[in-house]
Amino acid sequence: MASPAPLPPAEAEPGARLVLAEHLLACESAVACARAMVEWLARRSSAAVACLGPGDGGNGSACLASEGLTGSQQAALARAWDAPASPLSSFRTRPGARWLGADALEGVVIPGGFLAVPLGRAGSPAVALLVVGLPGPLVPQDVAWVASCAGPLMARWVAADARAPRRPEPDRLLRRVINAVSDPVLLTDAEGTLLFANGRAEALLVAGPDASPGRARAVEVNQRLFRETLAQGGGTTVHRREVPLVDPLEGMDLLFELVTTPVLAPDGPSVVVSVLRNVTDLGRATQALGESYRRLRATEREARSERHRLDRVLDSVADPIILTDPAGGMVMMNDPAERLFAWPHEEGPSSEATERRVRANAALFASFLANLLGPVNAGVSRWKSQLTLDEPATGAPVPMEAMANKVLGDGGELTGIVTVFHDRTEVLERARLLERVKEVSSELEARVQSATAELAEQNELLRRQAIQLEQASAAKSQFLANMSHEFRTPLNAILGYTNMLLQNVSGEMTPPQRRNLTRIDSNGRHLLEVINEILDITRIEAGRMPLHLTDFGIPELLQEVMAEMDPIIARSKLTVETHLDEGLPGVWSDRQKVKQIVLNLLSNALKFTHEGGVRVAAEYQSATSTVAISVKDTGIGIDVSNQEKIFEDFQQVDSSPTRAYGGTGLGLSICRRLATMLGGRVSLQSAPGQGSTFTLHFPRRARRT
Ligand code: ADP
């Protein structure tokens with residue numbers, strides 16, 4: 001069968017009717033005529049168009065050609081055309097086009113209704129029926145023209161077909177075959193215009209006028225995607241690529257492999273056959289496979305880095321660690337463990353002794369592990385023991401504490417054993433040192449105890465000696481008191497009689513007698529002075545010199561002192577002056593003791609000063625509420641080295657037998673004792689050749705102690 005040339009696009013050709021007419025004339029079958037007609041009208045009107053006519057083998061009518069109608073719509077139309085009671089069958093005998101509403105035919109819903117135009121020779125029954133999905137009863141000119149033009153031709157070919165033996169038309173057979181293909185198959189022209197699509201392809205890429213908005217949108221998307229993919233086409237060669245489409249029914253994403261084969265006409269490619277193969281599941285499976293492969297790689301990388309990390313961690317641990325399998329075979333060990341359980345590869349070939357020690361270590365370890373292995377020990381999860389391994393290189397013993405822990409799998413099965421060794425050398429050394437420290441400390445303790453006992457003994461001795469001394473001192477004081485008394489009584493008698501003799505009570509004495517008697521008197525007085533001072537000290541020490549506190553004024557006291565010292569001052573030929581502070585208050589203290597101290601200091605000043613003078617001053621120091629009475633002289637002065645010593649009993653700067661000054665060395669020590677009783681003190685400022693200043697400081701108001 002010769003096929004006419006493809007129809008040019010209707011809108012691009014003003015003489016389209018002429019072209020169709022020529023095309024129709026070239027047709028050699030009713031089907032070819034019907035197809036030419038339908039395609040032309042479909043393009044002109046953009047409406048759904050079908051042409052019904054006699055089917056193959058005389059078994060009723062069929063849809064000879066259609067555009068924009070589904071297979072079921074086509075079949076329903078053909079049935080209605082054959083059904084005697086159907087409004088469509090009336091078109092066989094009644095000429096003229098008529099419009100039927102959307103619901104005119106049962107099972108054929110063409111939204112908006114359709115025009116039915118009988119085709120055939122004028123005055124004869126219609127041989128075919130043209131169906132055009134138009135929404136109104138007006139018959140467009142194109143439809144009327146096509147019917148008038150194609151009707152006689154259809155009649156002729158239907159008659160010819162009826163005469164000719166019934167065999168399937170090759171073109172129709174091909175269409176059926178293609179329709180039966182389970183993959184979508186499409187035929188497009190060089191511009192990509194869809195010429196033919198089998199049922200599967202139609203389901204994806206064609207939407208009838210009654211299609212739901214969702215399906216129409218999905219089909220529109222599919223058409224765009226398909227056109228775009230096709231535009232990347234392979235020119236004159238077979239081309240494969242993937243095209244993503246949408247399932248218009250379900251709305252799911254689908255992936256197709258598109259194989260395009262250009263069918264070449266002598267003057268170049270005219271049509272392109274496209275076969276789509278649904279590879280969605282394959283794509284998904286590939287994607288899933290890729291994903292799981294990526295995951296697998298990631299997991300493997302993770303596991304590898306975890307292993308490296310574990311290795312680093314294990315190697316960074318100073319204690320040896322060994323991982324063994326359930327049978328006790330060593331699986332992994334860190335560097336410290338290798339030093340004990342592996343040959344020293346790096347230091348060259350190992351000696352026989354080294355290997356023997358490593359083997360011995362391994363044997364020890366194996367017997368240690370036996371405590372955890374085997375069904376008998378299923379209940380034991382960890383084992384701790386102390387082993388003494390050998391240092392492989394030197395053979396030195398290494399005391400170790402080994403702790404093995406079972407590693408269980410998810411199902412509780414034994415997957416390995418981790419053993420950690422801990423070197424006990426340091427612990428043992430520390431224990432040894434501790435023991436030694438304990439020994440030393442107990443020795444020390446014993447020594448301290450004996451020293452303490454000795455000390456206690458000494459203390460006891462000292463205490464007894466102190467008591468003895470106290471008793472001796474008391475006895476001495478008592479003795480001195482008694483003796484002083486015993487001395488004073490006869491001495492006073494001697495002095496009394498001497499005085500009487502000097503006053504010529506027993507007659508006039510010769511000058512030598514008087515001179516000797518004067519010496520007796522002077523020495524007697526000195527002796528009395530010494531005895532009085534000793535008596536004072538004894539009384540102070542024995543606590544027999546109590547305080548007699550009274551209110552008194554310093555000026556009056558100093559006046560008295562000056563009066564008593566007047567004969568000595570007169571003899572000394574020194575200038576003696578007194579200076580009293582203006583704000584000098586009255587004091588509450590022991591007047592007698594203050595006077596005794598000042599008298600003593602003044603008599604010393606006069607004794608140790610040869611020229612110049614003595615100044616007695618009194619002032620009140622309000623900040624400390626104390627009174628200070630100072631005696632300043634321009635005498636011989638005292639070296640710093642002697643300034644403390646002179647306050648002690650019987651101490652003098654010059655204590656040699658040939659000393660220039662008399663005295664007992666008791667005056668200042670009595671002054672200090674008395675000042676202490678008053679709650680005060682005696683201070684000294686002096687330098688040899690520059691005079692001395694002795695000052696008595698005592699509280700303005702004494703406290704009875
Ligand atoms: P005595 O005057 O009886 O020797 P003291 O206890 O009063 O005993 O004095 C002790 C010594 O202190 C004196 O022997 C003397 O060496 C020294 N001394 C005391 N007062 C003065 C002074 N004003 N100047 C220099 N030396 C002094």
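The values are calculated or read from the model by the stated rules, or taken from the named source; none is laboratory data. Please read these numbers as outputs of a predicted model, since none were measured by experiment. Note that we place each Cβ from the backbone using ideal geometry, even for glycine, and neighbour counts take in every protein chain shown. To get the accessible areas, we keep the full protein, side chains included, count just its heavy atoms, and leave off ligands, DNA and RNA. Shrake-Rupley method; radii C 1.70, N 1.55, O 1.52, S 1.80 Å.
Only one of these is of a type in the set (Ser, Thr, Tyr), touching a residue at least 40 places away in the same chain (Cβ under 8 Å) and open to solvent by 20 Å² or more (accessible area, probe 1.4 Å): Thr388, Thr394, Thr415. Name it. I'd like the intermediate steps shown before the answer.
Values: Thr388 fails: touching a residue at least 40 places away in the same chain (Cβ under 8 Å); Thr394 fails: touching a residue at least 40 places away in the same chain (Cβ under 8 Å).
Only one candidate qualifies: Thr415.
Here the strands (runs of 3 or more DSSP E) wholly within region 568-677 that include at least 2 residues being open to solvent by less than 40 Å² (accessible area, probe 1.4 Å) are 587-590, 613-621, 626-633. Checked against (1) aliphatic (A, V, I, L, M); (2) surrounded by 22 or more Cβ atoms within 10 Å (Cβ to Cβ); (3) farther than 19 Å from Ala150 by Cβ; (4) touching a residue at least 40 places away in the same chain (Cβ under 8 Å), Leu119 passes all but a single condition, namely (3). A search for C-beta distances below 8 Å between a residue of region 658-676 that is over 14 Å from Ile540 (Cα atoms) and near the ligand (Cβ under 10 Å from one of its atoms) and any residue that is modelled with pLDDT under 85 and aliphatic (A, V, I, L, M), counting only pairs 6+ apart in sequence or on different chains, returns Thr664/Val530. Just checking, does region 678-685 include any residue being in contact with a Lys or Arg (Cβ under 8 Å, 6 or more places away or on another chain) and part of a loop (DSSP other than H, G, I, E, B)? Checked region 678-685: at least one residue is in contact with a Lys or Arg (Cβ under 8 Å, 6 or more places away or on another chain) and part of a loop (DSSP other than H, G, I, E, B).
Only one residue in Arg382, Arg436, Arg424 is under 30 Å from His308 (Cβ atoms), open to solvent by 30 Å² or more (accessible area, probe 1.4 Å) and basic (Lys, Arg), so which one is that? It would help to see each step written out before you state the result.
Values: Arg436 fails: under 30 Å from His308 (Cβ atoms); Arg424 fails: under 30 Å from His308 (Cβ atoms).
When all the criteria are applied, what remains is Arg382.
Regarding Glu460, is this residue open to solvent by less than 90 Å² (accessible area, probe 1.4 Å) and of a type in the set (D, E, K, R)?
Answer is yes for this residue.
Taking the stated definitions as given, is Gln643 more than 6 Å from the ligand (Cβ to nearest atom), closer than 16 Å to Leu601 by Cα and modelled with pLDDT of 95 or more? When the stated conditions are applied, Gln643 passes them. Report whether or not Ser625 is within 16 Å of the ligand (Cβ to nearest atom) and of a type in the set (Gly, Ala, Ser). So Ser625 does not fit the description; no.
Only one of the numbered conditions (1) open to solvent by less than 60 Å² (accessible area, probe 1.4 Å); (2) within 30 Å of Ala362 (Cα to Cα); (3) of a type in the set (S, T, N, Q) is violated by Ser292, and that is (2).
From the list Val263, Val331, pick out the single residue that is open to solvent by 60 Å² or more (accessible area, probe 1.4 Å), over 35 Å from the mean Cα position of the chain (by Cα) and closer than 30 Å to Asn405 by Cα. Let's see the steps before the verdict.
Values: Val263 fails: closer than 30 Å to Asn405 by Cα.
It is Val331.
Taken over region 201-215, the criterion of being surrounded by 15 or more Cβ atoms within 10 Å (Cβ to Cβ) and without any contact (Cβ under 8 Å) to a residue 60 or more places away in the chain is satisfied by Ala203, Leu205, Ala207, Ala211, Arg215. Looking at region 19-37, can you tell me whether even one residue there is over 20 Å from Arg156 (Cβ atoms), out of contact with any Cys (no Cβ under 7 Å at 6 or more places or on another chain) and at pLDDT below 85? There is at least one residue in region 19-37 that is over 20 Å from Arg156 (Cβ atoms), out of contact with any Cys (no Cβ under 7 Å at 6 or more places or on another chain) and at pLDDT below 85. Which members of region 40-96 meet the condition of being open to solvent by 40 Å² or more (accessible area, probe 1.4 Å) and touching a helix residue (DSSP H, G or I) at 6+ places or on another chain (Cβ under 9 Å)? If the condition is that a residue be open to solvent by 40 Å² or more (accessible area, probe 1.4 Å) and touching a helix residue (DSSP H, G or I) at 6+ places or on another chain (Cβ under 9 Å), then Arg43, Arg44, Ser45, Pro54, Asp56, Gly58, Glu67, Thr70, Gly71, Asp82, Pro87, Arg92 are the ones that fit.
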